[in-house]
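Enquirer: Have a look at this one before I ask anything.
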Amino acid sequence: MSNHVPTILALDFDGVICDGLVEYFQTTKRTYHQIWTSEKQTINEDLAPRFYRLRPVIETGWEMPILLRALILGFSEEKIFPNWSIIARKILESERLDPKEVSQKLDRIRDEWIESDLEGWLALHRFYPGVIDRIACILDSSIKFYIVTTKESRFVKKLLQQQGIDLPEKTILGKEYKCPKYEILRQLLEINSASPVNLWFVEDRLEALELVRQQSDLQKAKLYLADWGYNTQQTRESIRDRQDIKLLSLAQFSQDFSAWY
């Protein structure tokens with residue numbers, strides 16, 4: 001197969017395939033009340049736009065309730081953006097919280113919500129225009145398709161099934177794999193090593209792409225930053241002239257792979 005077409009296409013889920021900002025905030029609110037049970041006040045919906053704007057700082061689920069806590073404690077967006085890891089760690093330490101336990105609470109609340117009101121939960125998600133149709137076309141080709149995400153695979157599977165996409169479990173590589181995305185990409189190369197491999201990866205977090213680029217054995221992978229995802233204008237501008245990590249628009253994504261160059 002030509003180098004201008006991938007043999008393996010790996011996509012991130014949140015911020016590339018699906019926009020779940022509304023669900024994030026609503027699930028985070030429910031989780032917040034489970035963690036800070038003594039606080040009886042209703043969380044102001046006015047916090048939602050600030051939470052949405054700050055979504056690019058989030059890498060994994062446990063950070064979402066901590067981000068909401070930071071906003072309630074009065075941290076400004078200007079302070080959070082460049083110092084998020086430090087702020088998150090301080091909140092964990094000062095409030096004696098374990099990221100694993102926070103994550104488990106978040107997932108349990110999602111599971112309970114899905115169990116009690118699946119339609120309501122699904123309705124809080126929006127798929128980016130044209131993405132599902134493009135995935136359907138890819139699945140109808142010889143390209144091997146994978147989703148590499150920090151979200152639990154079972155949540156991804158439910159959302160895609162709603163859209164008529166039913167992927168085999170082994171092609172959704174989620175949080176339960178407990179390893180960095182570059183390690184999952186490495187495993188995909190090993191799994192498919194019997195034939196020539198041309199791996200392309202689309203992600204909306206530049207930090208994740210930079211970690212892939214640092215791996216000496218993944219230098220041939222083509223890396224794309226989704227400009228429609230959870231990143232900032234400043235981040236997008238920072239790579240506009242780079243060749244090792246390409247900026248990809250939603251319009252390009254929906255077209256033939258030749259448009260990705």
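Enquirer: Take the alpha carbon atoms of segment 17-117, find their radius of gyration, then divide it by 2.2 N^0.38 Å using N residues; give the quotient. Intermediate values should be presented prior to the final figure.
Expert: Details: Rg = 13.0 Å, N = 101, 2.2 N^0.38 = 12.7 Å.
So segment 17-117 has a normalised radius of gyration of 1.02.
Enquirer: Pick from 81, 201, 127: which residue has the top mean-square fluctuation in a GNM of the chain where Cα pairs under 10 Å get a spring?
Expert: Checking each option, the largest mean-square fluctuation is seen for 81.
Enquirer: How far, in degrees from 0 to 90, does helix 99-116 lean away from the longest principal axis of the Cα atoms of the chain, to the nearest 10?
Expert: Helix 99-116 sits roughly 80 degrees off the main axis of the chain.
Enquirer: Which lysines does residue 158 reach when only Cα atoms under 17 Å apart count, and residues fewer than 8 places away in its own chain are ignored?
Expert: Within reach: 170, 175.
Enquirer: For the cross-link pairs 157/181; 90/222; 79/222; 144/246; 79/220, which exceed 29 Å when the distance is taken from alpha carbon to alpha carbon?
Expert: Values: 157/181 19 Å; 90/222 37 Å; 79/222 33 Å; 144/246 21 Å; 79/220 37 Å.
As for pairs spanning more than 29 Å Cα to Cα, those are 90/222; 79/222; 79/220.
Enquirer: Sticking with this one: Would you work out what percent of the accessible area of the chain, with all protein chains in place, is carbon or sulfur (probe 1.4 Å)?
Expert: Values: 6280 of 12790 Å².
Ligands and nucleic acids excluded, carbon and sulfur give 49 percent.
Enquirer: What are the ³J(HN,Hα) couplings of segment 181-188, residue after residue, when phi is run through the Karplus curve with 6.51, -1.76, 1.60 and θ = phi - 60°? Round to Hz, x for glycine and proline.
Expert: For segment 181-188, the Karplus curve yields 4, 5, 5, 5, 4, 4, 5, 5 Hz.
Enquirer: Which ³J(HN,Hα) values, rounded to whole Hz and listed in residue order, are derived for segment 129-137 from phi using the Karplus coefficients 6.51, -1.76 and 1.60 in 6.51 cos²θ - 1.76 cosθ + 1.60 with θ = phi - 60°, glycine and proline given as x?
Expert: x, x, 5, 4, 4, 5, 4, 4, 5
Enquirer: For the chain, what is the accessible area per residue in Å² when the probe is 1.4 Å? Before the final figure, lay out each step's value.
Expert: On the way: 12790 Å² over 261 residues.
Result: 49 Å² of accessible area for each residue.
Enquirer: Over segment 146-261, calculate the relative contact order: mean separation of alpha carbon pairs under 8 Å at least 6 apart, over the residue count, as a percent. Working shown, then result.
Expert: Working: 124 pairs, mean separation 20.8, N = 116.
Value for segment 146-261: 18 percent.
Enquirer: Show that you can apply the helix-only estimate: for the chain, add -39,500 (n - 2.57) for every DSSP H stretch of four or more residues, divide by all residues, and state [θ] at 222 nm to the nearest 500.
Expert: Details: 12 runs with 121 residues, N = 261.
That calculation yields -13500 deg cm²/dmol at 222 nm.
Enquirer: Assuming 0.692 mPa s and 37 °C, estimate D for segment 176-261 with Stokes-Einstein, Rh taken as the Kirkwood radius over Cα pairs, in µm²/s. All intermediate terms of the calculation are to be shown ahead of the outcome.
Expert: Values: Rh = 13.7 Å.
Rounded to a whole number, D works out at 239 µm²/s.
Enquirer: For every other residue with a beta carbon closer than 14 angstrom to the beta carbon of residue 15, add +1 if it is Lys or Arg and -1 if Asp or Glu, then tell me the sum. Intermediate values should be presented prior to the final figure.
Expert: Values: positive: 53, 55, 126, 151, 181, 205, 236; negative: 12, 14, 19, 23, 59, 203, 204, 207, 227.
Spelling it out: positives minus negatives among the neighbours equals -2.
Enquirer: Taking Rh as the Kirkwood radius, which is the inverse of the mean 1/r over Cα pairs, what is the Rg/Rh value for segment 116-261? Before the final figure, lay out the partial values.
Expert: On the way: Rg = 15.6 Å, Rh = 16.5 Å.
That ratio equals 0.95.
Enquirer: Turning to a different aspect of this structure: Return the sequence-ordered ³J(HN,Hα) values of segment 88-95 in whole Hz as given by the Karplus equation 6.51 cos²θ - 1.76 cosθ + 1.60 applied to θ = phi - 60°, using x for Gly and Pro.
Expert: 3J(HN,Hα) across segment 88-95, in whole Hz: 4, 5, 5, 5, 4, 5, 5, 9.
Enquirer: Net charge around residue 243, counting only other residues with Cβ within less than 13 Å of its Cβ (Lys, Arg = +1; Asp, Glu = -1)? Don't jump to the answer; show the numbers that get you there.
Expert: Numbers: positive: 213, 222, 240, 242, 246; negative: 241, 244.
Its environment carries a net charge of +3.
Enquirer: Hey, another quick one. Would you please state the base-10 log of I(q)/I(0) at q = 0.10, 0.12 1/Å for the chain, with intensities from the Debye formula using one equal scatterer on every alpha carbon?
Expert: Computed log10 I(q)/I(0) values: -0.52, -0.75.
Enquirer: Cβ under 14 Å from residue 43's Cβ, residue 43 left aside: what net charge do those residues give with Lys, Arg +1 and Asp, Glu -1? If you can, show how the numbers build up before the last one.
Expert: Numbers: positive: 29, 30, 40, 50, 69; negative: 39, 45, 46.
Taking every Cβ under 14 Å from that of residue 43, the sum is +2.
Enquirer: Could you calculate the contour length gain from residue 60 to residue 176, that is, 0.36 nm times the residue separation minus the distance between their Cα atoms, to one decimal place in nm?
Expert: Values: separation 116, 0.36 × 116 = 41.76 nm, distance 1.19 nm.
The residue 60-residue 176 span can extend by a further 40.6 nm.
The values are calculated or read from the model by the stated rules, or taken from the named source; none is laboratory data. Note that the coordinates shown come from a computational prediction; the quantities given were computed from them, not determined experimentally. Virtual Cβ from ideal backbone geometry, glycine too; neighbours counted across all protein chains shown. Surface accessibility is based on the protein's heavy atoms, side chains included, excluding ligands, DNA and RNA. Shrake-Rupley method; radii C 1.70, N 1.55, O 1.52, S 1.80 Å.
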